[in-house]
Amino acid sequence: MHDIRAIRSDPEAFDAGLARRGLAPLAAALLAADARLREVQTSLQAALARRNEASRDIGAAKARKDDDTAEALMAVVAGLKERIPGLEAEEREAAAALEARMAGIPNLPAADVPDGADETGNVVIKTVGAPPTFDFAPAEHDIVAARLGYDPDAAARIAGARFAVLQGGLARLHRALGQWMLDVQTQEHGHVEAVVPLLVRASAAYGTGQLPKFEEDLFKTTDDRYLIPTAEVSLTNLVSGQIVDEEALPLRLTALTPCFRSEAGSAGRDTKGLIRQHQFDKVELVTICAPEAAAAEHERMTRAAETILERLGLAYRRVLLCTGDMGFQSAKTFDLEVWLPGQGAWREISSISDCGDFQGRRMNARFRARGEKGSKGFVNTLNGSGLAVGRALVAVLENCQRADGSVAIPAALHPYMGGLTELKP
C-alpha cells in the first residue's frame with residue numbers, strides 16, 4: 001500500500017515510479033478519490049461538531065428557561081441526527097473507493113533497480129562456481145527421479161497434474177533437504193523457527209499483497225480461507241495490526257511448510273517434473289525491521305540463501321531483477337539461479353525481496369522508535385526462499401547424477417540421510 005500523503009506532496013514522482021513499472025499515470029485519479037474522501041470527512045466532522053455544540057446549548061437554554069431557543073436547537077440536533085448516518089455512509093464508500101484503487105497498485109521500484117520490460121532486463125551481479133562437466137549426456141531431473149522413486153502417474157491418479165509422489169530414498173532426500181536447510185537458517189543465520197497456519201484469512205493474504213490482485217493464483221476453501229502460497233503470508237502477518245518496540249527489531253523468522261499455488265498464469269510452463277507444482281515444501285525466510293536496517297538485511301538474507309547452494313556444491317548466480325520482472329510487493333529483488341545441466345540452463349531457485357514499508361502499511365504494522373517521544377512508523381518487511389525444497393532436489397538430482405543412473409548425495413546432507421551417501425536406481 002502506498003502513502004497517500006507522499007502522493008499528494010509529489011504526484012509526479014509517484015507516476016514516474018509507476019512508469020518504470022510499465023504502468024500509466026495514476027496520481028491524478030488517486031488524488032481525486034482522496035479529495036472526495038477528505039471533502040466528505042470535513043462535512044461529517046462539521047456536522048458532528050455542530051450536533052455536539054447544539055446539544056450542549058440545549059441544556060444551557062433550558063437552564064435559563066429559553067424554551068424557544070431550546071426547541072430550535074433540538075430541531076437542529078434532530079436534523080443532524082438524520083444527516084450524519086448518510087455522511088458516515090458516504091465516508092465509508094469514499095474510503096473504500098480510495099483503498100480499492102490503491103490496493104491494486106504495485107510497489108514502486110527502488111532507485112537502484114534497473115529498468116526493463118521483462119527478464120531480459122535483469123542484471124547478473126555475480127556467478128559462483130562452475131557448472132559440472134560430464135562424460136555422458138546428463139538427463140533432466142524427471143528422468144533421473146523416475147529411476148529413484150518419483151511416480152508422477154500415481155500423483156496424477158490421486159490429485160491430477162502438477163503433483164508428485166516420492167518414495168524410498170528419494171523421499172528421504174527430500175525430507176533431508178528441508179530439515180538441513182531449516183537447521184542452517186536457524187542455527188547459523190539467526191532466524192527463529194515457527195510453526196504457522198497453512199490456512200489464512202483474506203485479511204492476511206491482503207496484508208502481504210496476494211489479494212486482491214492475485215486471487216486466481218490461490219486455493220480457496222469453502223469457509224473463505226486461503227491455502228498459503230508461501231509461509232511469507234503467515235510469518236509476516238505475525239505483526240499485523242501490532243506496534244513493535246524498535247528494540248525488538250529486527251525480527252528474523254523462518255518456517256518449513258507446504259505451499260500451495262494454482263499456477264493460474266503458468267499454462268504450458270514446466271508441465272513435467274518437480275519445478276512448478278501445485279503443492280511443494282519451502283523454507284521461507286522473513287525479516288521485519290526498521291527502515292534504515294532494510295538494505296543490510298536484504299544482503300544478509302541473500303547470503304543466507306546462497307550459503308545453502310554453496311554447501312551443496314551447486315553453481316549459481318545472483319541476479320538483480322529489473323522493474324518489469326519484479327513481484328507486485330517488491331521494491332528490490334535478488335533472484336538466485338542454479339545451473340541445471342540436464343536442461344542446460346540457469347533456473348530460479350530463490351527470490352529474496354525487500355518490500356520496504358509496502359506490506360507494513362497494508363497490515364497496519366508499526367514500530368515504536370527509540371527515544372522519549374517514541375514516534376511510530378511502519379515496519380519494513382523482507383522475504384525470501386532459503387530454499388524451495390523441490391527445486392533444491394531438482395538441482396541435486398541434475399548436478400549429482402552419474403552415468404549409471406545413481407545420484408551422489410552432497411556431503412552436507414549425509415548426517416540427515418541415515419547412512420545413505422548415494423541413491424541407486
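Each value in this text was obtained by applying a stated rule to the coordinates, not by laboratory testing. These figures come from a predicted structure and were not determined experimentally. No Cβ is skipped: glycine too gets one built from the backbone with ideal geometry, and neighbour counts run over all protein chains shown.
The Stokes-Einstein estimate for region 286-342, based on a Kirkwood radius over Cα pairs and taken at 20 °C with 1.002 mPa s viscosity, is a diffusion coefficient of 167 µm²/s. Placing a label point 7 Å from the Cα of residue 195 along the Cα-to-Cβ direction, the residues of region 243-261 with a backbone N closer than 17 Å are 254-259. In this structure, the pairs whose alpha-carbon distance is over 28 Å, taken from 220/424; 332/376; 272/424; 213/332; 272/332, are 220/424; 272/332.
Quick check on region 125-187: take the gyration tensor over C-alpha atoms, sort the square-rooted eigenvalues as a ≥ b ≥ c, and tell me if it's rounded (a/c under 1.5), prolate or oblate.
Details: a/c = 2.12, a/b = 1.24, b/c = 1.71.
Verdict is oblate for region 125-187.
Straight-line reach from residue 62: which aspartates and glutamates fall under 12 Å, measuring Cα to Cα and dropping same-chain residues less than 8 apart? Residue 62 reaches 71.
Which whole-number percent of Cα pairs in region 200-266 have a distance greater than 18 Å?
Working: 904 of 2211 pairs.
Everything past 18 Å amounts to 41 percent.
Each residue, residue 217 and residue 23, gets one label point 7 Å from its Cα in the Cβ direction; the gap between the two is 1.4 nm. Once Cα extents along the principal axes in Å is calculated for the structure shown, the corresponding label among [x] 64, 53, 40; [y] 96, 62, 43; [z] 105, 44, 43 turns out to be [z].
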